[in-house]
Amino acid sequence: MTAAPETASGSGGGGTSEGLAALSVTLPTFTGPLDLLLHLVRKNSLSIYDIPIATLCDQYHETLRTMQELDLEIASEFLTTASWLVYIKSRMLLPRPAEGEAEDPREELVERLLEYRRVKAVADILHDEDVVRRCLWRPALAAPDAVEEHELDLEAVDLRVLARAYLEVMERHAIENPSPLTVLPLRHTVEQKMRDLYRRVREERLVRLLSYLHTLPDVEEVVTLVMATLELVRLGGVRAEQRVRFAEIYLRPGQKGLDLERVLEAGDGA
Amino acid sequence: MERREVEAILEACLATASSPVPAGVLAGVVGTEPWDEEAVERVLAELADGWKETGRGLRIEQVAGGWRMVTDPALDPYLKALHGRTAKSRLTTASLEVLAIVAYRQPVTLPEINFIRGVNSGSPLRTLLDRGLVRVAGRKKVVGQPFLYRTTKEFLIHFGLDRIQDLPEPEELTGERSEEGPAGDGALPVDEGNEPTDTD
């Protein structure tokens with residue numbers, strides 16, 4: 001790779017170091033094509049108002065080539081600008097039309113470079129400020145998140161408002177402080193239910209368990225009865241049948257007789 | 001009221017305020033005869049100088065149309081050690097360029113920013129929006145109705161500006177002369193018409 005003569009002129013290296021010089025050019029990262037152009041203008045001390053477009057164009061392309069060789073990702077905007085430069089360069093080569101209305105093909109480029117240079121100048125100022133001021137901490141001694149104090153206009157408060165406020169407070173209080181759970185003494189025992197149910201099954205030969213449970217108003221009794229049923233089934237004193245899930249459960253006497261009293265006295269028949 | 005008392009009140013107010021407090025508001029808080037806005041402002045300025053000279057950990061500064069308390073920037077490493085984080089992350093070159101454009105040309109749209117920078121600037125702009133340095137200020141009444149962007153009060157605070165007008169003019173910075181003063185808030189490069197064009 002042979003660097004363009006313009007590239008070498010700025011970096012005083014001779015012969016073999018030219019490749020290295022080209023590399024060093026790409027060390028700064030450019031935020032965009034205008035950034036790169038401005039860098040080239042500055043590096044070569046070109047006049048922004050009278051840009052030697054051929055030089056700039058060549059160096060721009062040279063830089064892009066180097067970026068490619070370094071496998072740097074090149075944003076599409078860089079390529080668009082590259083073709084724009086070629087366009088300007090070619091228009092500069094064309095003979096100018098009649099005097100007067102002659103419009104400099106570089107005009108937009110110059111305007112945009114000037115504008116961008118201003119932006120860079122301000123960005124530099126902001127950067128210098130940012131370096132220092134991003135180190136500032138605000139005291140966290142914040143005022144307590146006090147509830148705003150409303151001054152109460154006593155005359156505006158009538159009794160109804162007061163009563164409503166009271167009810168609201170009490171309601172909230174009741175929600176936040178529910179009355180403690182009261183535990184009632186056991187009114188049903190599994191043993192007693194086992195005796196009752198076993199006797200009933202033996203007498204009636206068939207008991208519809210679910211229908212029976214539905215007649216009981218007391219949840220506690222229902223639970224006790226279910227426990228008793230399970231216990232009797234386990235002991236073999238009662239057989240439970242069900243045709244389909246969730247359907248009625250039929251209770252019949254078990255195969256063998258059960259001396260329930262003895263089992264209950266012993267605590268467990270198993 | 002003694003001046004010492006006024007100073008104490010002002011210090012307490014600034015220490016507990018979440019954003020810069022205008023001198024007028026502070027004067028209202030003090031609320032006694034000789035301590036009007038002007039007098040309070042003078043006390044604040046002298047307090048600020050005093051704190052800076054005696055090298056306290058805290059400083060008083062005038063930003064965004066008010067006064068606030070901040071730490072001495074030199075103490076940043078210690079605060080990082082204490083809090084395990086930085087006060088604010090640094091702004092990238094791209095973000096600073098976008099911010100510069102918004103600051104000078106506000107209200108401005110993203111396509112305009114893209115044009116001036118020559119690259120798509122959506123990502124740095126989003127960063128600035130997230131950091132609260134830039135805000136959406138309506139839509140431009142052109143095709144596509146792009147959002148218009150402006151700098152925020154947080155921008156003034158972060159960069160230590162009392163008003164947006166306190167930003168230096170870019171012409172001063174680049175050494176360009178602009179005979180007709182700064183550009184009006186018109187279309188893009190308006191003031192370039194009078195640049196010396198010594199081409200032929």
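Points to keep in mind about this one:
- Size of the B/A contact, given as accessible area buried on both chains, probe 1.4 Å, in Å²: 4300
- ³J(HN,Hα), Karplus 6.51/-1.76/1.60, whole Hz, each residue of segment A:59-75, x for Gly, Pro: 5, 4, 5, 4, 5, 4, 4, 4, 4, 5, 4, 7, 6, 7, 6, 10, 5
- 15 Å tail of the calculated P(r), segment B:93-183, as % of Cα pairs: 61
- Just so you know, the Rg over Rh for segment B:1-154 is 1.10, from Cα atoms, with Rh as the Kirkwood radius.
- Segment A:190-266 shape via C-alpha gyration tensor axes, a/c threshold 1.5: oblate
- Fraction of alpha-carbon pairs over 18 Å apart in segment B:3-82 - percent: 40
- Proximal charge balance of B:ALA27 [Cβ under 13 Å; K/R count +1, D/E count -1]: -4
- Förster radius 45 Å - calculated FRET efficiency between B:LEU75 and B:GLU33 (Cβ-Cβ, nearest 0.05): 0.75
- Pairs exceeding 32 Å between alpha-carbon atoms, taken from A:LYS43/B:LYS141; A:LYS89/B:LYS140; B:LYS80/B:LYS153; A:LYS120/B:LYS88; A:LYS43/B:LYS88: A:LYS43/B:LYS141; A:LYS89/B:LYS140; A:LYS43/B:LYS88.
- Candidate residues A:LEU264, A:LEU206, A:LEU232: accessible-area rank, largest first, probe 1.4 Å: A:LEU206, A:LEU264, A:LEU232
- Per residue accessible area of segment A:190-266, 1.4 Å probe, in Å²: 66
- Surface per residue (accessible, 1.4 Å probe) for segment B:93-183, Å²: 48
The values are calculated or read from the model by the stated rules, or taken from the named source; none is laboratory data. Just so we're clear, the structure is a prediction, and the values are computed from it rather than from any experiment. Every residue, glycine as well, gets a Cβ built from its backbone with ideal geometry; the counts of neighbours run over all protein chains shown. Accessible surface is based on the protein model in full, side chains and every heavy atom, while ligands, DNA and RNA are left aside. Shrake-Rupley method; radii C 1.70, N 1.55, O 1.52, S 1.80 Å.
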